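Q: If you scroll down you'll find the structure; I have some questions about it.
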Amino acid sequence: MKKAEVQIGGRYVAKVSNVLAVVRIDREAPTGGWFATNVETGRAVRIRSAARLRSPARDRTPRVQDIVTSLHTE
């Protein structure tokens, strides 16, 4: 990704400790990069460059229409 594409509060797939994880960007770091939080573990993570961010994370919550459809088909 590019630095201009990163938004504060956004969720992204990032490489953290050689594992792809979903992180939430909390704020910009004064020396460059961002302070983020690993969504799964809750740990603080420092993202030094946009190259560690792979893509925006997809929303994993099911849509209301999918829930209603599954309830009516049972």
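Q: Name the residue, out of Ala51, Ala57, Ala44, Ala14, that is among the small types (Gly, Ala, Ser) and modelled with pLDDT of 95 or more.
A: Only one candidate passes the filter, namely Ala44.
Q: Looking only at region 1-27, count how many residues are part of a strand (DSSP E or B) and open to solvent by 100 Å² or more (accessible area, probe 1.4 Å).
A: Of the residues in region 1-27, 3 are part of a strand (DSSP E or B) and open to solvent by 100 Å² or more (accessible area, probe 1.4 Å).
The values are calculated or read from the model by the stated rules, or taken from the named source; none is laboratory data. Keep in mind that this is a model prediction, so the values were computed, not measured. These area figures cover heavy atoms from the full protein model, side chains too; ligands, DNA and RNA do not enter into them. Shrake-Rupley method; radii C 1.70, N 1.55, O 1.52, S 1.80 Å.
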